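I have placed the structure first, in the form of structure tokens, so that the comments after it can refer back to it.
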Amino acid sequence: MPVHVPLVLYHHRSSVAVIGPAALGAGQLEEASRALAEAASTFDQRGCVSPHRVWVLGGPEDAVRLGEAVAAAMNREQN
């Protein structure tokens with residue numbers, strides 16, 4: 001890189017989301033999945049609020065339900 005070209009460095013960004021039982025309940029799952037999809041999609045997974053990992057406080061079935069809901073929300077976000 002030539003000396004006259006400015007170099008702008010950015011720190012590594014890593015963000016996580018923790019989803020508790022209250023967010024997995026009736027009426028809250030859709031909102032939680034929409035918020036996760038929006039946070040991940042807004043800056044193409046490069047924003048400081050774009051979660052790279054999602055921890056679900058519950059059982060495997062809760063993680064599957066959330067994953068399916070987030071997939072549907074991301075599909076809507078894309079369109």
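Using Cα pairs closer than 8 Å and at least 6 residues apart in sequence, work out the relative contact order for the chain, in percent.
Working: 81 pairs, mean separation 28.6, N = 79.
Relative CO of the chain lands at 36 percent.
Quickly estimate the mean residue ellipticity at 222 nm for the chain, helices only: each DSSP H run with n ≥ 4 gives -39500 (n - 2.57), and the total goes over all residues, rounded to 500. Before the final figure, lay out the partial values.
Working: 2 runs with 32 residues, N = 79.
Calculated mean residue ellipticity at 222 nm is -13500 deg cm²/dmol.
Over the Cα atoms, compute the radius of gyration (one decimal) and Dmax (the largest Cα-Cα distance, rounded to a whole number) for the stretch 1-71, in Å.
Both quantities, over Cα of the stretch 1-71: 16.6, 58 Å.
Taking amide H positions as placed in the peptide plane 1.01 Å from N, state which residues far from Val54 in sequence (5 or more) or on other chains have amide H under 5 Å from it.
Amide H neighbours of Val54, under 5 Å, 5+ apart: Ala17.
Are there chymotrypsin sites (Phe, Trp or Tyr not before Pro) in the stretch 1-60 that DSSP marks as loop and that have at most 12 other Cβ atoms within 10 Å, and which are they? Each step should come with its number before you reach the end.
Values: sites: Tyr10, Phe43, Trp55; in loops: Tyr10, Phe43.
Those satisfying the criteria are Tyr10, Phe43.
At 1.4 Å probe size, with every protein chain present, just tell me what the per residue accessible area of the chain comes to in Å².
Working: 5890 Å² over 79 residues.
Heavy-atom accessible area per residue stands at 75 Å².
Which order do Leu57, Leu66 take when ranked by solvent-accessible area (1.4 Å probe, heavy atoms of all protein chains), largest first? Kindly include the intermediate steps, with their values, before the conclusion.
Numbers: Leu57 95, Leu66 5 Å².
Output order, biggest surface exposure first: Leu57, Leu66.
From the phi of every residue in the stretch 45-51, what ³J(HN,Hα) in whole Hz does the Karplus formula 6.51 cos²θ - 1.76 cosθ + 1.60 yield, where θ is phi - 60° and glycine or proline is x?
Once rounded to whole Hz, the list reads 6, 10, x, 5, 9, 7, x.
The values are calculated or read from the model by the stated rules, or taken from the named source; none is laboratory data. Treat the numbers as computed from the prediction; the structure is a model and nothing was measured. A quick note on method: Cβ atoms are made from the backbone with ideal geometry, for glycine too, and the neighbour counts reach across all protein chains shown. Side chains included, ligands, DNA and RNA excluded: accessible areas come from the protein's heavy atoms. Shrake-Rupley method; radii C 1.70, N 1.55, O 1.52, S 1.80 Å.
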